[in-house]
Each structure stands twice: as C-alpha cells, then as structure tokens.
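A short worksheet on the structure shown next.
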Amino acid sequence: MDAVEDLLQRTARFAREVVGPGAPRWEAERRIGREAIAAAAAIGLTGLEVPPAFGGLGLGYRVKARVAEVLAAADFGFTMSLLNTHNVAAKLAREAPQAVARRHVPDLLAARRLGCTALTEPGAGSDFAAIVTLATRTPQGWRLDGAKAWITNAAEAELIVVYAQTEAGSGARGIACFLVDAARPGFVREPAFALSGQHAIGAGGFRLEGYLAEDMEMLQPPGQAFKAALRSINGARVYIAAMCNGMVGEALRIAQGYGRQRHSFGQPLAAHQGWRWRLAEAATELAASRLLVAQAAERIEAGADAQLPAAQAKLFATRMAERQLPALAQAMGAEGLREQHPFGRHLAGARVACFVDGSSEMLLERIAALQREPDPAQGRQA
Ligand SMILES: Cc1cc2nc3c(=O)[nH]c(=O)nc-3n(C[C@H](O)[C@H](O)[C@H](O)COP(=O)(O)OP(=O)(O)OC[C@H]3O[C@@H](n4cnc5c(N)ncnc54)[C@H](O)[C@@H]3O)c2cc1C
C-alpha cells in the first residue's frame, strides 16, 4: 500500500474511533475537540501540505480534499477546526519570513497552539473589502485596532492570521495581512459564540486594542493580501465541498444499513420502492458532487485557475447536502434522531458550509461573472 492510501486508512480509522464518538461530547460541552486535534496532529494531519523541511508531510491538495471528506463524515466542526490550524501552519511555512515560520510552525504542527484566519468583522462579512480593522504604521511596527467576529477556532486559537486595512477608505487595495499572537498585550478574546449547533468549530471573535505586530509579522503587504486571500479561498471552497460529500456519504451509508435490518409491513425498508428511491437520488447527487470536487481539486493541485470549478463545486455540494441530509434523516425514521447518529450535527454542518469561504449568493455572483469573461484556455466564453 502506498503512503497516501495508508494515511487515508489511518484517517478513516481515526474518524471512526475518535472523532465520531467525541463529537456529541464536544457539542454537549460546547467546545473544540482539542484533545482529538492533538491526536490528529500525531498522525500528521496538521501538516498535510506543510513542506517536510518544516516537519510536515508535503502532500498535494488532492490528498487534503480526500482527508477533509473522510474526517467530515464523522464531524464537520472538528474538521474545520483542524484544517484551520493546518492552513495557518502551511501559510507560515510558505509565506512568512524564516524566523517567524521557524518560531511558530512546530507548535501548530503539534497542535500545542491552534491557528485561525480572520477576515470577517462584526460589520463586514460577504463584503470583505469593507473591513475596518485598522493597521497603523509606528516606529516599532504595526499597531492593530479593531474587532473580528465569526472566526473558526477563535474561541481558543493562539496564532491568528488577521486581515486589516492600512488606509481607511481604500478598500481592497489597502488591505494587508498580519500574524497575531493571542498571548501578547492588546489581544482581547470574546467568549465563544453560543450557536444552535457545531460548537466544535470554536466560532468566536476578538478585539485588537493597540496590538503591536512586528514588521516581519506582516505576511502580505497592501496590494497583495486581498488577492492572496481570494486565491487561497478556492482551496477552502473545494475542501468544504468535499466535507459536504463526506457528510452525505456517511448519512447514506448509515441509512443503507438501517434499511436492510429495519422492517415495516412485513419486509425490510429497503424492499419498499418509495424508500429506496430516496437513497438512489442521494447516491446519484453525491456521485455528481464528487466529480465536481475531483475536477476542481485537480486544477488547484496543478496550480491552474480554479475559480469557476471551485465555486461550482461548493455551490453544488452545499445544496446537495441541504437536500439530501434531511431526506436521509427522514429515511431513518425516529432512529435518526438519536445522538449517536450524525444526522442533526451534519445538518448544522451543511448550514455552516453555506456561509464559510463565500456564501451561496457570493458563489452565484462569481459563477455569473465568470460566465461573462472569456476562458483563456478555450478562447471562448467560459
Ligand atoms: C461557523 C462559522 C465559521 C466561520 N469561520 C470564519 C473564519 O474562520 N474566518 C472568517 O474570516 N470568516 C468566517 N466565517 C464568516 C463567513 O465567512 C461569513 O459568514 C460569510 O462571509 C457571510 O458573511 P455574513 O454572515 O456576515 O453575511 P452578510 O454579508 O451579512 O450577508 C447576509 C446574507 O445576505 C447575502 N448577501 C450579501 N450580499 C449580497 C449581495 N450582494 N447579493 C445577494 N446576496 C447578498 C449573503 O449571502 C447572506 O446570505 C464563519 C462563519 C460561520 C457561520
């Protein structure tokens, strides 16, 4: 067996034995599954795309998307939390000055410290260019003032990639990107957000009050940060689509098993045509969604422009999950409501997936805009 298949098998076992059983507890306790993130780190999952020179596995994007699908089959929130720490480690290893990367990447890989990425603010979600967290040049570095909200892992994360405006009113052009250390003065954490589900995602916010970032902690200057954020968002869209596939795949697997052993009117549920057609619909839409993810993931791994396939994969997968998870839960009867099954958690996960890294409406806008632009590869309208 090759190393990737071995990793995927270990990940599947970890999802089954650790994440699935832990998820109801993290939900009840309204917290990040931090002990499981440390266990995931021990099998390399915080370092998937991190170069071996930094202690990571140095794998390509397609493996990351497959890992995301396998883990989200057990729990969406856990997977988001883990991947957000992974993403900060990969970004620092790739883009930060050596001194900054060498200082922080080992802690992120070992999950001694969690990471998160903060674009959204109390007053700016979809309209990222409208952020008002201000970065002001000082003789000591950059002074950061403002607030961030709705950030995955913000309930506990210690290392935070923060996007801030360097020139009020300049929109995308003035946005720069900084590394913020939550242990330093000027970082004020808000209490974790109380939600209707998905607390393992650790959603929350924080304020920056005269926080001082060193010059070398500016990860991207104005003019580059906004574009870099949009580039990396394609990867996030595709792994979220893969996570929706994972949730639907698991719900389908459970419903198929239940349909064989549960009887009604003298025969197994699966023997009723009306019952099994529901599962056939889910299996078909899942297959289509997996193809969209595979196509987009291939483009990302090849370094090609993936805006359109990434937006389409996420739009389709989130809508597919929002259609099929309730249908599969219905096929389970009352049994599907038991906490040991993931139907309720997965439904909440699919709701969250409709917002993170571009809401469905923003994806539609992107897809519509790309229909109007000529596709350079094809020499025709995309
Ligand atoms: C659990 C969770 C975790 C998150 N994690 C992160 C994170 O780690 N980092 C981060 O930076 N952000 C994160 N987000 C924030 C997420 O990116 C935003 O929720 C998203 O960008 C949408 O912003 P909003 O919720 O403020 O909605 P708004 O921008 O207020 O929009 C409200 C509604 O109107 C729609 N809308 C807005 N403008 C238009 C328009 N022009 N045309 C049509 N419809 C429109 C939106 O699609 C949405 O349905 C997270 C959100 C959640 C729920």
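The values are calculated or read from the model by the stated rules, or taken from the named source; none is laboratory data. Note that the structure is predicted; figures quoted are calculated from it, not measured. Counting neighbours? That spans all protein chains shown, and the Cβs are built from the backbone with ideal geometry, glycine included. Please note that ligands, DNA and RNA were not included when accessible areas were found on the heavy atoms of the full protein model with its side chains. Shrake-Rupley method; radii C 1.70, N 1.55, O 1.52, S 1.80 Å.
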Practice problem: Starting at the first residue of the range 149-157, write each ³J(HN,Hα) from the Karplus equation 6.51 cos²θ - 1.76 cosθ + 1.60 with θ = phi - 60°, in whole Hz, x for Gly and Pro. | Solution: 9, 6, 10, 4, 6, 5, 4, 9, 4
Quiz item: Convex hull volume of the Cα atoms in the range 45-106, per residue, in Å³?
Solution: 66 Å³
Quiz prompt | Cα centroid of the range 32-59 to Cα centroid of the range 192-215, whole Å | solution = 22 Å
Quiz item: Tell me, what is the 1.4 Å probe accessible area of H86, in Å² to the nearest 10?
Solution: 0 Å²
Quiz prompt | Percent antiparallel among DSSP beta bridges (both partners in the chain, rounded to 5) | solution = 85 percent
Quiz prompt | Protein-only accessible surface order, largest first, of V105, V70 at 1.4 Å | solution = V70, V105
Quiz prompt | Accessible surface of Y239 - all protein chains present, 1.4 Å probe, nearest 10 Å² | solution = 10 Å²
Self-check item: Charged-residue dipole, Cβ positions (Lys, Arg, Asp, Glu), the range 100-182 about Cα centre, Debye nearest 20
Solution: 300 debye
Quiz item: Using a ≥ b ≥ c from the Cα gyration tensor of the range 170-324 (square roots of the eigenvalues), is it rounded, prolate or oblate, where a/c under 1.5 gives rounded and otherwise the larger of a/b and b/c decides, a/b for prolate?
Solution: oblate
Quiz prompt | Sparse-neighbourhood loop sites, chymotrypsin sites (Phe, Trp or Tyr not before Pro) in the range 247-305 - DSSP loop, at most 14 other Cβ within 10 angstrom | solution = F265
Exercise. Kindly report, to the nearest 10 Å², the accessible surface of K314 as traced by a 1.4 Å probe over protein heavy atoms only.
Key: 0 Å²
Self-check item: Average Cα contact separation per residue, the range 185-301, under 8 Å, 6 or more apart, as relative contact order %
Solution: 21 percent
Quiz item: Build a GNM of the chain with springs between Cα atoms under 10 Å: which of A302, A74, A311 gets the top mean-square fluctuation?
Solution: A302
Quiz item: Could you state the principal axis extents of the C-alpha atoms in the chain, from the largest down, to the nearest angstrom?
Solution: 80, 51, 43
Quiz item: Out of F355, A304, M332, whose Cα points farthest toward the positive end of the dipole of the range 260-382 (charges: +1 Lys, Arg; -1 Asp, Glu; placed on Cβ)?
Solution: M332
Quiz prompt | For the range 251-374: accessible area per residue (Å², 1.4 Å) | solution = 53 Å²
Practice problem: Determine the relative contact order of the chain: mean sequence separation of Cα pairs under 8 Å and six or more apart, normalised by residue count, in whole percent. | Solution: 15 percent
Quiz item: From the phi of every residue in the range 52-69, what ³J(HN,Hα) in whole Hz does the Karplus formula 6.51 cos²θ - 1.76 cosθ + 1.60 yield, where θ is phi - 60° and glycine or proline is x?
Solution: x, 4, 9, x, x, 8, x, 8, x, 4, 4, 5, 4, 5, 5, 4, 4, 5
Quiz item: If F206, F193, F187 are ordered by their accessible area, calculated over protein heavy atoms with a 1.4 Å probe, which sequence runs from highest to lowest?
Solution: F193, F187, F206
Quiz prompt | Farthest toward positive dipole pole in the chain [+1 Lys/Arg, -1 Asp/Glu at C-beta], among G344, A282, A99 | solution = A282
